[in-house]
Amino acid sequence: MLLDTSPPVSADTPIGITLTINGQRRELQVAPWTTLLDLLRERLDLTGTKKGCDHGQCGACTVLVNGTRVNACLTLAVMKDGAEITTVEGLASLGERKGSNALHPIQEAFIEHDAFQCGYCTPGQLCSAVGMMGEGHAHSRDEIREAMSGNICRCGAYTNIVDAIEDVMQHGAAR
Amino acid sequence: MNRFDYVRAGTVAEAVGAFGDGARFIAGGTNLIDLMKYEVEKPGRLIDITRLPLQGIEEHEGGLRLGALATNAKVAYDARVAERYPLLRNAILAGASAQLRNAATTGGNLLQRTRCYYFYDAGTPCNKREPGSGCPAIGGVNRIHAIFGASDQCIATHPSDMCIALAALEATVRVSGPDGERAIPFAEFHRLPGNAPEKDTTLKPGEIVVSVDLPERGFARNYTYLKLRDRLSYAFALVSVAAGLELDGDTITTARLALGGVAHKPWRNQEAEALLVGQPATRETFAKAADLIVAEAKPQSENGFKVELARRAIVRGLEQAAAGTPQSLSDKRIQ
């Protein structure tokens, strides 16, 4: 059935949606042109997710929507009504030691392997890595590199990023 | 981004009924939202079709029916696609990034717009964006542009990898619109620019893609998708080759070849495919087909390199297909 908007929502009327963000249910009124990225950063103060290119080319805005990694900059919030969103702020609660203050194993591995320098791309790299491991299609270093190619790191920490991901894939956590 | 009305449809009929002047259907949004940010697209209404029941991949007449809303990732990692249509799988995985493939849909992939720099820059003329305004790519910066089938109004290329495989597989696009359903052979779905470069496809206003149907023949033994680009991942093709062969011993019995990155639509040359049939699967045979195809090339001021690149890619792609050694997706060395 059509959303209860007939005649359709006029351009100035916000639309009510429900999102579960990092485990917390939120009832929100959003303008239809609000991207998920802008909603997270500008409205909800979840500024861990970064705006890099804002065009789906850099991956800094990567978040998990229903467990799947996507570019939040190319996602309209209104289209994700009912979805579960996980941002970098919520990654720790996905880890094995859920509920404690412990980091997610991939976050620990990034620290252990020096997998960042300036850190701007890191939230996207982390969410992308968690999404990639959930997909389960990458097994070798070459496959990790290919599967992570949607996340650009201008500091060039790629080698250590692959090390960190490989470590978690092999050992479940950084040694 | 401009302001727009938002409508969420639950059925194909609702979606088609909500269409009107200035409306756009939106599914994955990976291309449309990007174009809206550049103000290349300024829809007055977005019709959200993501909740239509078109997500599935089903057996259909010996082949597979890919629902228009099946994501690129879902199709690529479907076990039946991997086994029976590895050419399609490889082409999809050669394109975009994992994040984009998780969002982008089968129908949307067919409808993505060119990545011509001028089309994307609303500050420049472009016959595709504003009919009649001119084409600065002709004589301008055009190393990524077409060498086949261009017109004096538009030299843009079609950007999809998936569609190059679908052209080689001779898929059928099933659409639904105000006048009901119809099926469009893949070769007739995209069009050459001619005098109407604003039209990428033969879809009529208000029509929506509902499925892409794959025929039984999948070339699962002898195929390749060879993509050549400026960087080894996450870049559009300068030239790509989708090749599928059937062999009886060393003799070619069926040949399909489609090129990406070189024209306004997936580029096929049936004369060249016919030339391959009945011939031994050798480098000499492949070179004859490649020569026939590139003889038609009309390069622009900066993309003459694509002619030789295409010739070599065709030969190498056919060699990979014949040998049963498709181009690896992770090890980028070209064997």
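The values are calculated or read from the model by the stated rules, or taken from the named source; none is laboratory data. The structure presented is a predicted model; accordingly, all values stated were derived computationally and were not measured. We place every Cβ from the backbone using ideal geometry, glycine too, and count neighbours over all the protein chains shown.
Quick check, is B:THR172 hydroxyl-bearing (Ser, Thr, Tyr), within 17 Å of B:SER240 (Cα to Cα) and within 16 Å of the chain's Cα centre (by Cα)?
Here the answer is no, as B:THR172 does not meet what is asked.
Given the options B:GLY20, B:GLY10, name the one that is facing chain A (nearest Cβ under 7 Å), surrounded by fewer than 21 Cβ atoms within 10 Å (Cβ to Cβ) and either assigned to a strand (DSSP E or B) or out of contact with any helix residue (DSSP H, G or I) (no Cβ under 6 Å at 6 or more places or on another chain) (or both).
The match here is B:GLY10.
Determine if the stretch B:142-165 includes at least one residue that is crowded, with 24+ Cβ neighbours inside 10 Å, modelled with pLDDT of 95 or more and of a type in the set (Lys, Arg).
Within the stretch B:142-165, not a single residue is crowded, with 24+ Cβ neighbours inside 10 Å, modelled with pLDDT of 95 or more and of a type in the set (Lys, Arg).
Taking only pairs six or more apart or across chains, which ones have beta-carbon atoms under 6 Å, a first residue in the stretch A:143-155 that is more than 7 Å from chain B (Cβ to nearest Cβ) and part of a loop (DSSP other than H, G, I, E, B), and a second residue that is modelled with pLDDT of 95 or more and surrounded by fewer than 19 Cβ atoms within 10 Å (Cβ to Cβ)?
Qualifying pairs under 6 Å: A:CYS155/A:GLN117; A:CYS155/A:CYS118.
Among (1) in contact (Cβ under 8 Å) with a residue 12 or more places away in the chain; (2) in a loop (DSSP other than H, G, I, E, B), which single condition is B:ASP230 missing?
Result: B:ASP230 passes all but (1).
Going by the conditions given, is B:PHE189 within 14 Å of chain A (Cβ to nearest Cβ) and buried (at least 18 other Cβ atoms within 10 Å of the Cβ)?
Here the answer is no, as B:PHE189 does not meet what is asked.
Looking for whichever is within 14 Å of chain A (Cβ to nearest Cβ) and either surrounded by fewer than 16 Cβ atoms within 10 Å (Cβ to Cβ) or in contact (Cβ under 8 Å) with a residue 24 or more places away in the chain (or both) here; the options are B:GLN327, B:GLN270, B:GLN279. Which one fits?
B:GLN327
Would you mind listing the strands (runs of 3 or more DSSP E) fully within the stretch A:39-106 where at least 2 residues are facing another protein chain (nearest Cβ under 8 Å) and surrounded by 18 or more Cβ atoms within 10 Å (Cβ to Cβ)?
A:68-71
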